[in-house]
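To keep things clear, I will list the structure first and then write my remarks on it.
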Amino acid sequence: MLLDNKIALITGITNEYSIAYHIASSYREQGAQVILTYQGQRLHDAVQKIADKIGAAAIFELDATDEAALDNVFGAIEQQFGGLDIFVHAIAFAPKNELTGGITNATREGFSTAVDVSSYTLISMSKRAAALMRVRGGGSIMTLTYIGAERALPSYNAMGCAKAALESAMQYLAFEMGANKIRVNALSCAPIKTVAARSIPGFMDMYNSFGSRCFLQRNITGQDVAGPAVFLGSDMSQAITGTVIYVDGGFHSSAMM
Ligand SMILES: NC(=O)c1ccc[n+]([C@@H]2O[C@H](COP(=O)([O-])OP(=O)(O)OC[C@H]3O[C@@H](n4cnc5c(N)ncnc54)[C@H](O)[C@@H]3O)[C@@H](O)[C@H]2O)c1
């Protein structure tokens with residue numbers, strides 16, 4: 001199988017609609033050991049259920065903005081697993097008024113929160129993941145982004161700026177980590193019905209019209225993202241780094257916006 005003998009840390013599962021859930025399930029099917037994190041006690045039962053269902057090796061509570069918690073979780077992974085091959089960053093958040101108010105009404109606090117949670121955590125977590133990947137002779141890091149990083153659309157605002165910072169951070173991490181055979185990439189996904197996506201005003205309109213505006217003429221699913229995530233985690237992609245791969249049915253190439 002493509003991920004035999006791989007140890008993967010996967011963040012960002014809320015429920016079975018989460019993109020990270022589909023990635024974790026496919027990783028298990030391809031032979032990886034999977035470690036899951038969940039944000040806060042309120043998600044414990046749901047994520048424990050998912051961990052049991054897919055056969056995850058461990059689950060840890062983790063608020064990615066809490067540096068002490070990061071040290072604890074990566075320390076525990078080092079103790080229990082000895083190293084890491086794959087890290088999937090599937091974390092994003094912006095306060096509601098940053099999505100509804102337009103970019104000219106962005107607040108310093110809300111904007112900073114969006115960048116802190118959605119972009120900086122890739123850096124703070126990748127630094128710790130890389131230390132565990134070096135003992136395994138290399139690894140693969142991936143994050144999830146959106147075309148709102150490159151082009152403007154309604155109701156994305158601070159999150160678009162945060163995704164632009166995320167994609168840039170991905171490139172700088174790839175630049176620095178390449179010498180240690182650690183690859184860093186991003187999957188740019190089409191609109192997919194998840195808790196995070198539904199919090200974007202007008203998301204369902206965008207979702208419902210998506211099929212008429214992309215080449216494949218259908219919506220994209222979490223399962224569609226899981227395949228490329230398996231590829232990026234596997235040795236099949238060992239020469240790919242610093243790249244955004246679009247999982248959007250061709251939407252990014254289309255002029256039918
Ligand atoms: N669904 C889409 O349409 C879409 C499109 C492109 C990119 N993405 C990206 O995919 C990623 C996963 O989102 P999703 O759509 O699966 O939604 P989701 O709501 O299922 O997942 C988002 C996750 O981020 C986690 N998170 C937020 N703040 C956190 C923090 N401080 N510490 C730890 N975890 C935190 C949440 O707990 C949640 O599990 C996000 O980066 C999102 O921007 C989603």
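The values are calculated or read from the model by the stated rules, or taken from the named source; none is laboratory data. What you are looking at is a predicted structure, and each value in this text was computed from that prediction instead of being measured. Note that we place each Cβ from the backbone using ideal geometry, even for glycine, and neighbour counts take in every protein chain shown.
Quick notes on this structure:
- Scan the range 208-228 for residues that are in a helix (DSSP H, G or I) and either over 18 Å from Ala149 (Cβ atoms) or not aliphatic (A, V, I, L, M) (or both) and the total you get is 9.
- Checking each residue in the range 21-45 for being over 21 Å from Thr121 (Cα atoms), surrounded by 16 or more Cβ atoms within 10 Å (Cβ to Cβ) and free of Cβ contacts under 8 Å to residues at least 40 places away in the same chain picks out only Arg28.
- Asn185 being on the phi > 0 side of the Ramachandran plot and crowded, with 21+ Cβ neighbours inside 10 Å: no
- Residues satisfying the stated conditions in the range 57-76, i.e. within 12 Å of the ligand (Cβ to nearest atom) and among the β-branched types (Val, Ile, Thr): Thr65, Val73
- Number of positions in the range 205-235 that are within 11 Å of the ligand (Cβ to nearest atom) and over 15 Å from the mean Cα position of the chain (by Cα): 5
- The range 183-195 residues that are in contact (Cβ under 8 Å) with a residue 24 or more places away in the chain, paired with ones that are acidic (Asp, Glu) and crowded, with 23+ Cβ neighbours inside 10 Å (beta carbon under 6 Å, 6 or more apart): Ala190/Asp248
- Within the range 43-61, at least one residue is at negative phi and either under 14 Å from the mean Cα position of the chain (by Cα) or among the basic types (Lys, Arg) (or both).
- Output for the range 229-254, where each listed residue is outside any loop (DSSP other than H, G, I, E, B), small (Gly, Ala, Ser), out of contact with any helix residue (DSSP H, G or I) (no Cβ under 6 Å at 6 or more places or on another chain) and under 22 Å from Phe175 (Cβ atoms): Gly233
- Residues of the range 77-94 satisfying the condition of being part of a loop (DSSP other than H, G, I, E, B), more than 7 Å from the ligand (Cβ to nearest atom) and within 21 Å of the chain's Cα centre (by Cα): Gly83, Leu84, Asp85, Ala94
- Just so you know, in the range 145-190 the residues that are of a type in the set (Phe, Trp, Tyr) and more than 13 Å from the chain's Cα centre (by Cα) include one that is nearest to Leu216 (Cα to Cα), and it is Tyr156.
- Index of the failed condition, Lys53 passing every other in (1) more than 18 Å from Phe93 (Cβ to Cβ); (2) in contact (Cβ under 8 Å) with a residue 60 or more places away in the chain: (2)
- Residue in the range 157-180 that is within 15 Å of Val117 (Cβ to Cβ) and among the charged types (D, E, K, R) present: yes
- Residue within the range 138-150 that is loosely packed, with under 15 Cβ neighbours inside 10 Å and assigned to a helix (DSSP H, G or I) present: no
- Single residue of Ala69, Ala64, Ala46, Ala56 found to be in a loop (DSSP other than H, G, I, E, B), farther than 15 Å from Ala32 by Cα and of a type in the set (Gly, Ala, Ser): Ala64
- Hey, Leu173 within 11 Å of the ligand (Cβ to nearest atom) and buried (at least 21 other Cβ atoms within 10 Å of the Cβ) or not: no
- Of the residues screened, Arg128 is not one that is part of a loop (DSSP other than H, G, I, E, B) and more than 12 Å from the ligand (Cβ to nearest atom).
- Residues that are at pLDDT 95 or above, buried (at least 23 other Cβ atoms within 10 Å of the Cβ) and out of contact with any Pro (no Cβ under 6 Å at 6 or more places or on another chain) do not occur anywhere in the range 201-223.
- Residues satisfying the criterion are absent from the range 204-215 (criterion: under 30 Å from Met133 (Cβ atoms) and touching a residue at least 12 places away in the same chain (Cβ under 8 Å)).
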